[in-house]
Amino acid sequence: MPELSLLIEPSAPLPDDRVEALATGLAEDLRTVRGLQIGYAQSPATTHGKSPQAWELGMLAVGGLFSATTMQAIARIAVAYADRVRARSIRLRSGDNELVVTGSTRVDPQLVEQLARLLAVPATTDPSAGAALPAAPGNRGGTPTGS
């Protein structure tokens with residue numbers, strides 16, 4: 001089952017507890033999406049065998065059913081949350097690939113397709129997926145990075 005990591009990148013340096021509070025707020029928003037399991041990335045273990053690079057402050061782990069409708073909801077929530085808390089960006093990661101969204105990212109079919117490619121899940125897995133939500137004028141698409 002694919003897993004997605006969401007990493008909040010504040011626009012200015014913040015204390016660790018504030019970054020974790022931002023992650024908690026994003027987790028609450030994501031929990032409104034049926035079929036997703038939201039957890040906090042685990043802190044790095046001090047025992048041998050766990051890489052500290054597998055964890056970052058402000059990171060959530062998301063698993064579950066990634067249909068086109070669910071991916072659209074994740075994208076919409078991430079963009080709205082980045083805009084609301086004035087975060088520099090939210091990075092959505094799956095393996096070595098990532099997609100960067102900001103508050104000005106346009107939630108459109110291309111963004112849903114980029115998220116589907118990130119998760120290696122066809123964006124058309126849910127035939128009930130509706131049309132993309134309209135975006136505010138002047139918005140731009142997400143920024144994919146990685147391979």
Close pairs from the stretch 12-26: first modelled with pLDDT under 90, partner open to solvent by 80 Å² or more (accessible area, probe 1.4 Å) and of a type in the set (Lys, Arg), Cβ under 6 Å, at least 6 apart: none
Can you pull out the residues in the stretch 52-61 that are touching a strand residue (DSSP E or B) at 6+ places or on another chain (Cβ under 7 Å) and surrounded by fewer than 22 Cβ atoms within 10 Å (Cβ to Cβ)? Glu56, Met59, Leu60, Ala61
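Kindly provide the set of residues from the stretch 80-110 that are part of a helix (DSSP H, G or I) and surrounded by 19 or more Cβ atoms within 10 Å (Cβ to Cβ), ordered by number.
Correct list: Tyr81, Ala82.
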Taking Thr46 as the residue in question, decide whether it is of a type outside the set (D, E, K, R) and modelled with pLDDT of 95 or more. no
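Which ones in the stretch 27-43 are modelled with pLDDT under 90 and open to solvent by 50 Å² or more (accessible area, probe 1.4 Å)?
Correct list: Tyr40, Gln42, Ser43.
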Among the residues of the stretch 111-143, the number that are modelled with pLDDT under 50 and either under 17 Å from Ile77 (Cβ atoms) or not in a strand (DSSP E or B) (or both) is 18
Please specify each residue of the stretch 5-25 satisfying the condition of being in contact with a strand residue (DSSP E or B) (Cβ under 6 Å, 6 or more places away or on another chain) and part of a loop (DSSP other than H, G, I, E, B). Ser11
Are any of the residues in the stretch 66-79 within 13 Å of Gly25 (Cα to Cα), modelled with pLDDT of 95 or more and in a helix (DSSP H, G or I)? yes
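The values are calculated or read from the model by the stated rules, or taken from the named source; none is laboratory data. Because the structure is a prediction, the values reported are computed rather than measured. Counting neighbours? That spans all protein chains shown, and the Cβs are built from the backbone with ideal geometry, glycine included. Areas reflect the complete protein model, heavy atoms only, side chains present, ligands, DNA and RNA absent. Shrake-Rupley method; radii C 1.70, N 1.55, O 1.52, S 1.80 Å.
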